[in-house]
Amino acid sequence: MRILGTLVVGLFTLLGSPALADLPVINEAQTSRNGCNYRVKVLEDSEPHPSQPILVPLYRVVVESEIVSPATCLLTPGSVELGTSYLVPKIAIAANDEGLAVAYSWGAWVRFYGDLTHVRVHRLDPSTLASTRTSSLEGGFVPPGGGGGGPGSVDLDSLTLYPGFIMVMGTLSGNSISDLSASPYESTQGTGSHFVAIYPDFFNTTQRPIFDIYY
């Protein structure tokens, strides 16, 4: 399953980036913190098909910052591309006194499996928008008694910040969810069509998420 995930990620190598400002915005979300405003946007782009003389849609996830109150917002406005997807991403952004977080789904159509989506969660430096932590969530199917299994999907519903932890919720296709970026590798099995991932002390540590799968 992890090998397949690596192959899917490899499909996302960019062939060149146009000026992001020239691309249409198809979705966006925003939040504010200390007089600064932050937006995460989905921009619609395209790239050549690997085997046919056509263009295929490519969606870029971009986060931007701007000054609302110069008295309290001391950043230099900027823009950073977080990732790309061949399927329309779902996005979420949230901020509090502890920090700034963004989550988005990304994926592609994979032969024999159909649409496969994953979720990434970023901890961002509010001043520079640099990613200081990234969590990569992937769904999977594990047969009873173990065995080879296969890929599944996770999709994003919400991102919520609480004092001391953050919570990511979404839908699940399969019977397991994994954090591919955790060390050691973190995976939970269960029965249901939804998941919740709780990240303790998200803005200060790299503790692994706590998963629950439910209907």
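The values are calculated or read from the model by the stated rules, or taken from the named source; none is laboratory data. If you're wondering where the values come from, they're calculated on a predicted model, not measured in any experiment. No Cβ is skipped: glycine too gets one built from the backbone with ideal geometry, and neighbour counts run over all protein chains shown. Just so you know, the surface numbers come from the protein's heavy atoms only, side chains and all, with ligands and any DNA or RNA stripped out. Shrake-Rupley method; radii C 1.70, N 1.55, O 1.52, S 1.80 Å.
Worth a mention:
- Between Ser173, Ser193, Ser85, the Gaussian network model of the chain with springs among Cα atoms under 10 angstrom shows the greatest mean-square fluctuation at Ser193.
- Pairwise label distance in nanometres, Asp212 with Leu55, each label 7 Å out on the Cα-Cβ vector: 4.6
- Sorting 23-31, 93-101 by their mean Cβ neighbour count within 10 Å, with the most densely packed peptide first, gives 93-101, 23-31.
- Across the accessible surface of the chain, with the other protein chains kept in place and a 1.4 Å probe, carbon and sulfur atoms take up 55 percent.
- Label of the coordinate-derived value, Cα extents along the principal axes in Å, listed as (1) 60, 48, 27; (2) 57, 40, 28; (3) 69, 42, 39: (1)
- Protection proxy ranking of 160-170, 108-118 - average other beta-carbon atoms within 10 Å, highest first: 160-170, 108-118
- For the peptides 122-133, 137-148, residues were scored by their other Cβ atoms within 10 Å and the scores averaged per peptide; the highest-first order is 122-133, 137-148.
- Rounded to the nearest 500, the 222 nm mean residue ellipticity of the chain from helices alone is -1000 deg cm²/dmol, with -39,500 (n - 2.57) taken per DSSP H run of at least 4 residues.
- Among the trypsin sites (Lys or Arg not before Pro) within segment 20-85, not one is in coil by DSSP while having at most 10 neighbouring Cβ atoms inside 10 Å.
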